[in-house]
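A.B. asks: Below is one structure. I have some questions about it.
The values are calculated or read from the model by the stated rules, or taken from the named source; none is laboratory data. Since the structure is predicted, the reported quantities are computational estimates derived from the model, not experimental observations. For neighbour counting, all protein chains shown are included, and Cβ atoms are generated from backbone atoms with ideal geometry for every residue, glycine included. Just the protein is used for accessible areas: all its heavy atoms, side chains included, with ligands, DNA and RNA removed. Shrake-Rupley method; radii C 1.70, N 1.55, O 1.52, S 1.80 Å.
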Amino acid sequence: MIVAPSGAGKSSLVNALLADDASLKLSLSTTTRSPRPGEIDGKDYRFVGKEQFLREREKGHFLEWAEVHGHFYGTSKPWIESQMQSGSDVILEIDWQEAQQIRKLIPSVQWIFIFPPSIEALEERLRKRGQDDEATIQRRLAAAHIELLHAHEADFIVLNDSFDQALDDLKHILAASRQIGRAHV
């Protein structure tokens, strides 16, 4: 599980990690939020309406779910179970609430928290990406303060001060996790 506040570079790091390691699979989250510019349904997220999300949640379709910034997000339980049974390495790009839920269900999961260099750097990144209005940026910054309080719950913390260093750190964590997994088989 890779967890970070909005703007910490989580998606960029995950995309680079996936591009470097074809054996990794990214869990496709279901969300009720609208696609951002360039996002594709079925590739970046599975975009659904709130009513559909709530129906699927009631049917137990989600391994976990959370409401984040006024939108619902969830992880497909059947898909994750099929990947685990096949022995695949799966990355979940989620928030701390979802990570807590999954940790309870799958205690062996590795939790990596991507830490921004500072709140000021986080705000600058949010503004530079130009996707959010001022109210949304302020809401994301307020949420970041809460999210950062949960970093200690993670197994690993990666400081994203330098993208290349943060990516190398993620690669090392992945390699070590795979070795530990083989030792327990």
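A.B. asks: Please specify each residue of region 74-117 satisfying the condition of being in contact with a Ser or Thr (Cβ under 8 Å, 6 or more places away or on another chain) and among the hydroxyl-bearing types (Ser, Thr, Tyr).
C.D. replies: Passing the criteria: 75, 76, 88.
A.B. asks: Mind telling me which of the residues 60, 70, 38 ends up being of a type in the set (Gly, Ala, Ser), more than 21 Å from residue 175 (Cα to Cα) and modelled with pLDDT of 90 or more?
C.D. replies: When all the criteria are applied, what remains is 60.
A.B. asks: May I pose another question? Residue check: is residue 166 crowded, with 16+ Cβ neighbours inside 10 Å and at pLDDT 90 or above?
C.D. replies: yes
A.B. asks: Looking at the structure I just gave you, is residue 146 open to solvent by 60 Å² or more (accessible area, probe 1.4 Å), closer than 19 Å to residue 9 by Cα and β-branched (Val, Ile, Thr)?
C.D. replies: The answer is yes for residue 146.
A.B. asks: Residue 104 - would you say it is touching a Phe, Trp or Tyr at 6+ places or on another chain (Cβ under 7 Å), open to solvent by 40 Å² or more (accessible area, probe 1.4 Å) and free of Cβ contacts under 8 Å to residues at least 24 places away in the same chain?
C.D. replies: no
A.B. asks: Among the residues of region 167-177, are any charged (D, E, K, R) and under 15 Å from the mean Cα position of the chain (by Cα)?
C.D. replies: no
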